[in-house]
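This report refers to the structure that appears directly beneath it.
The values are calculated or read from the model by the stated rules, or taken from the named source; none is laboratory data. Since this is a predicted model, take the numbers as computed values, not measurements. Note that we place each Cβ from the backbone using ideal geometry, even for glycine, and neighbour counts take in every protein chain shown.
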Amino acid sequence: MSEVVLKPKGIIDIMVEAEVINPDVFAGKTTSEIEQLIVWQGAKQLQLCDFFDVEGSAGSSATDAKIIVRGNVPRVKHIGHGIKAGEIVIEGSAGMHVGSEMIGGSILVKGDAGSWAGMEMKGGTLHITGNAGDHVGCAYRGSWRGMYGGRILIDGNARSQLGGGMSGGEIHVGGSVENFPGIRMNNGLIVVKGDAIRGVGAQMSGGTFVVSGKIKQLSPGFESIGTEKDPKIGETVLTGEFIKFTGDYALSKTPKGILYASKDANEEV
Amino acid sequence: MPGTMVIRNGYVFDPLNEIDGEIKDIFIKDGKIVDDLKGNSLRDAKVIDAMGKTVMPGGVDSHSHVAGAKVNGGRMMCPEDRYKWVTKKGEITHSGSGNTVPSVYVQGYDYAKMGYTTVFEAAMPPMEARHTHEEMRSTPILDMGAYLVLGNNWFIMRYLKEGNIEKAAAYAAWMMKTHKAYGIKCVNPAGVENWGWGVDVTESLDEPNIHFGITPREIIHGLTEINELLGMPMSVHLHANNLGNPGCWEVTKNSLEIPRDVKVKCNMDVEWPKTKIDPQRNQSVYLAHAQFNSFGGTSWRDFESGAKGIVDYVNKTDHVVIDNGAVPFGPATVMTGDGPAIHHLYKLTGNKWSNKDVELECGSGILSFNYMKANPVHSAQWAIGLELLLLVNDPWKTILTTDHPNGGPFTKYPQIIAWIMSQKAREDTFAECHKWAQDRSSLGGCDREMTLYDIAILTRANPARTVGIAHRKGHLTAGADGDVTIYDFDPTKLEANNYTNIIKGFQNAAFTIKDGEVVAQNGQIISVPKGRTFFSEPHMGDGLEKEMLKDVKEWFKYYTLGFANYPVPDKYIRNPSPVQVNKPLESIVVR
């Protein structure tokens with residue numbers, strides 16, 4: 001495997017859009033060609049080397065290429081946008097849109113990620129060891145179909161609208177989420193180990209949502225259909241006793257959405 | 001010399017002059033077609049070699065939603081229609097975005113690249129006229145005009161109910177001048193007013209609406225009478241009742257029957273060119289997007305094409321022209337002045353939806369939509385759209401549209417052209433889409449393959465004639481505007497089976513020439529002239545107008561705006577090109 005190391009050069013003021021940080025783009029390019037790749041900062045077109053020191057070169061194919069971003073880049077957007085193959089490791093926090101529309105390959109963020117991480121992704125793995133912002137794995141504004149496939153793993157917390165319009169794939173959140181996670185989801189699986197505030201699975205018509213912690217305010221369109229101990233959803237096995245709901249009845253009379261909520265944490269529901 | 005050129009040796013298709021693929025030179029002087037160029041003019045003229053290429057008059061779109069409040073509403077509602085469809089700023093071109101509802105700049109460029117030079121906005125609510133003109137004046141290159149929505153207007157309904165056709169005509173004439181509108185549009189007559197009270201008119205054409213007690217039949221007949229009394233350039237443009245409901249073809253056919261007895265009279269103060277075929281319209285009604293009004297069956301389960309009923313009627317009469325409103329599959333944004341029809345679609349799909357009531361005048365609805373090949377109804381709709389063009393024998397009764405962006409965006413016209421020119425193209429699509437396309441329509445049994453001559457009728461000659469702009473558009477007779485399109489294919493070598501070439505050829509014209517200047521070449525925008533705005537200035541007697549205005553001012557208390565702010569000021573109009581209609585004889589003498 002051939003490695004390209006990108007070292008951030010100091011502080012960035014206006015956010016940089018760098019969808020070129022992508023093994024598919026780097027493949028077959030020399031170090032100096034990679035340095036000259038175009039990134040946008042506001043209305044200006046600049047080169048990658050204006051923001052990063054570049055070392056190494058990618059091999060001929062993206063599959064064998066690994067890009068390591070050595071440091072925090074919270075003001076660099078669209079890293080790994082639409083990535084098809086290969087690997088990206090960010091040794092720090094990433095900006096908005098990391099791995100949005102990704103199709104394959106893997107991205108590891110050893111830190112926090114901004115909003116829109118894994119937006120409308122179709123495949124591959126996106127792992128965020130810290131916290132994530134809003135709209136993770138969500139549909140773009142106005143669009144009603146979000147993530148179609150692949151996996152998103154978040155070790156920390158995520159904010160609102162996680163997996164909005166989800167049509168496939170899996171999202172696992174180690175921590176808690178905020179408002180309207182899984183809104184309009186119609187397929188796929190979302191597992192939240194921590195708590196959720198409100199609007200969980202609002203307008204969902206299919207798919208499965210699990211909250212192992214507490215749901216502060218359950219959506220009114222969900223109906224309890226009993227309890228289950230250690231339920232198994234596909235490959236995923238959960239531990240503990242869960243209340244099982246179907247919904248959202250606000251959207252249709254025969255909704256196919258399933259919501260599991262921890263029985264212990266949600267006594268009053 | 002600008003605006004002067006010679007187009008040499010192309011295969012010319014000019015249906016209004018019955019020229020069918022003849023090798024001819026076309027001459028343009030100072031932006032107008034001329035018979036010949038001599039001396040200095042010829043020496044200084046730009047020469048374009050069109051040998052082995054197809055030459056047609058500039059394209060004319062007689063029904064497209066490209067300007068105004070609901071178009072912009074569609075843009076605002078659908079950010080997802082924009083972010084993957086961006087056009088970069090060029091040296092002379094503006095940036096833009098949008099797929100089914102592009103921004104005004106992109107609209108102008110995309111039409112020009114396809115060889116179109118004239119586009120009419122299909123529905124302008126009077127109260128939204130300023131907005132419509134603002135967008136038209138910002139649209140580059142194209143000559144434009146807009147049809148004024150009058151089918152549920154309180155004054156029209158009131159005067160027609162009173163039987164006061166002359167006062168109604170005076171009102172329509174004043175409205176045309178006030179809002180700089182081109183023609184009369186009638187959307188779901190009597191029904192849209194009812195929609196203000198939560199109901200539609202669906203039972204019959206003789207169902208009186210709420211408060212005004214007027215029926216769709218009375219409005220259709222009244223408006224067509226007004227139209228011909230004034231002698232408007234185009235006939236009434238009808239969006240019939242019950243649109244989008246299974247079985248609606250019957251109401252549509254009965255609606256087309258209504259203006260049969262209305263005598264056509266086009267009374268424009270223009271010089272008509274000496275074309276072989278009469279450039280003046282002979283229809284008393286022009287039916288909009290017939291596909292949406294040709295549904296058969298009684299429910300979505302037994303849904304089928306009702307095109308045959310419409311086609312048979314159009315074939316046996318001479319007072320109807322239709323545009324098809326084809327469905328080319330893929331994303332669309334449905335937008336119309338027919339609020340209840342869009343609400344019906346919203347109930348069916350649950351897609352995002354918007355609705356508006358335009359005070360004393362009309363209404364509208366917008367919904368984001370996607371036509372899918374796997375969907376039985378959508379597949380049948382695709383078939384209906386093509387049946388309407390292929391089964392009407394006389395191409396002079398049909399016009400090609402997608403009712404942009406209702407059936408799909410106008411950028412899909414080349415695909416529609418391929419389907420009507422190539423049976424193989426249709427068969428390939430049958431294989432990909434739901435079997436209802438074949439089982440619930442008669443398209444599969446149709447082996448007609450249209451020629452380039454037919455295409456020239458459907459996309460320029462007939463739209464121009466139907467909307468009464470053929471004194472300057474839609475043909476290559478001396479005196480006409482120097483709008484010419486050169487497509488990069490040799491008609492003698494064109495094979496219908498190899499339809500991808502047809503699509504490619506019509507997508508990007510080799511040259512689009514407007515007023516004798518190249519505006520687009522092989523998909524590149526070369527120049528961005530400012531287009532004209534066409535509108536009608538119909539004249540009725542002063543006395544009648546005064547009397548009518550008294551009524552208007554009295555009811556203006558129901559409007560949320562002041563009377564003084566109602567008219568569209570001249571500064572909103574780009575290159576105003578009014579047509580005098582029903583001009584009194586005296587003023588001609590004085591001149």
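Worth pointing out:
- Residue match in the range B:86-106 (condition: buried (at least 23 other Cβ atoms within 10 Å of the Cβ) and under 15 Å from the mean Cα position of the chain (by Cα)): no
- Checked against the criterion of being modelled with pLDDT of 95 or more and more than 27 Å from the chain's Cα centre (by Cα), the range B:478-490 contains one or more residues that satisfy it.
- Residue check for A:G174: within 14 Å of another protein chain (Cβ to nearest Cβ) and either small (G, A, S) or touching a residue at least 60 places away in the same chain (Cβ under 8 Å) (or both): no
Conditions tested, residue by residue: (1) away from every other protein chain (no Cβ under 14 Å); (2) more than 21 Å from A:L238 (Cα to Cα); (3) aromatic (F, W, Y); (4) free of Cβ contacts under 8 Å to residues at least 24 places away in the same chain.
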residue	(1), (2), (3), (4)
A:L126	yes, yes, no, no
A:H135	no, yes, no, no
A:W144	no, yes, yes, no
A:G156	yes, no, no, no
A:R159	yes, yes, no, no
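- Residues of the range B:139-158 that turn out to be surrounded by 24 or more Cβ atoms within 10 Å (Cβ to Cβ) and either among the hydrophobic types (A, V, I, L, M, F, W, C) or over 30 Å from B:I513 (Cβ atoms) (or both), as a count: 12
- The residues of the range B:348-364 that are within 14 Å of chain A (Cβ to nearest Cβ) and touching a residue at least 60 places away in the same chain (Cβ under 8 Å), listed by number, are B:K352, B:S354.
- Residue list for the range A:1-58, restricted to those being under 23 Å from the mean Cα position of the chain (by Cα), assigned to a helix (DSSP H, G or I) and among the aliphatic types (A, V, I, L, M): A:V25
- Top-ranked residue in the range B:42-57 [being crowded, with 18+ Cβ neighbours inside 10 Å and either within 16 Å of B:G516 (Cα to Cα) or hydroxyl-bearing (S, T, Y) (or both); ranked as nearest to the other protein chains (Cβ to nearest Cβ)]: B:I48
- Filter result (within 14 Å of another protein chain (Cβ to nearest Cβ) and either in contact (Cβ under 8 Å) with a residue 40 or more places away in the chain or touching a His at 6+ places or on another chain (Cβ under 8 Å) (or both)) within the range B:81-115: B:D81, B:N99, B:T100, B:V101
- For the range B:162-180, filtering for residues that are out of contact with any Phe, Trp or Tyr (no Cβ under 6 Å at 6 or more places or on another chain) and either touching a residue at least 40 places away in the same chain (Cβ under 8 Å) or over 23 Å from B:E554 (Cβ atoms) (or both) leaves 12.
- Within the range A:158-175, the set of residues being surrounded by fewer than 20 Cβ atoms within 10 Å (Cβ to Cβ) and assigned to a loop (DSSP other than H, G, I, E, B) comprises A:R159, A:G174, A:G175.
Matching residues to (1) surrounded by 19 or more Cβ atoms within 10 Å (Cβ to Cβ); (2) more than 25 Å from the chain's Cα centre (by Cα); (3) of a type outside the set (G, A, S):
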site: B:K161; (1), (2), (3): no, yes, yes
site: B:W174; (1), (2), (3): yes, no, yes
site: B:G183; (1), (2), (3): yes, no, no
site: B:V187; (1), (2), (3): yes, no, yes
site: B:A190; (1), (2), (3): yes, no, no
site: B:E203; (1), (2), (3): no, yes, yes
site: B:N209; (1), (2), (3): yes, yes, yes
site: B:I214; (1), (2), (3): yes, yes, yes
site: B:N227; (1), (2), (3): yes, no, yes
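- The residues on offer are B:A464, B:A431, and the sole one that is farther than 30 Å from B:Q280 by Cα and out of contact with any Pro (no Cβ under 6 Å at 6 or more places or on another chain) is B:A431.
- Lone qualifier among B:L391, B:L367, B:L386 - being within 14 Å of chain A (Cβ to nearest Cβ), of a type outside the set (F, W, Y) and surrounded by 18 or more Cβ atoms within 10 Å (Cβ to Cβ): B:L367
- The range B:481-591 holds helices (runs of 4 or more DSSP H) entirely within its bounds, and those carrying 1 or more residues that are closer than 25 Å to B:A464 by Cα and out of contact with any His (no Cβ under 6 Å at 6 or more places or on another chain) map to B:499-507.
- Test: residue in the range B:295-302 that is surrounded by fewer than 17 Cβ atoms within 10 Å (Cβ to Cβ) and under 28 Å from B:P125 (Cα atoms): no
- The range B:181-201, residues that are in contact (Cβ under 8 Å) with a residue 60 or more places away in the chain, out of contact with any Ser or Thr (no Cβ under 6 Å at 6 or more places or on another chain), part of a loop (DSSP other than H, G, I, E, B) and within 26 Å of B:N267 (Cα to Cα): B:A181
- Residue within the range A:192-205 that is within 14 Å of chain B (Cβ to nearest Cβ), more than 25 Å from A:V109 (Cβ to Cβ) and polar (S, T, N, Q) present: yes
- For the range B:58-78, the count of residues that are within 14 Å of another protein chain (Cβ to nearest Cβ) and either free of Cβ contacts under 8 Å to residues at least 60 places away in the same chain or on the phi > 0 side of the Ramachandran plot (or both) is at least one.
- Any pair with Cβ under 8 angstrom, 6 or more apart, that starts in the range A:238-258 at a residue that is away from chain B (no Cβ under 13 Å) and acidic (D, E) and ends at one that is surrounded by 15 or more Cβ atoms within 10 Å (Cβ to Cβ) and assigned to a strand (DSSP E or B): A:E241/A:E228; A:E241/A:S262
- If the condition is being assigned to a loop (DSSP other than H, G, I, E, B), closer than 15 Å to B:V285 by Cβ and hydrophobic (A, V, I, L, M, F, W, C), then the range B:202-233 contributes B:L205, B:M232.
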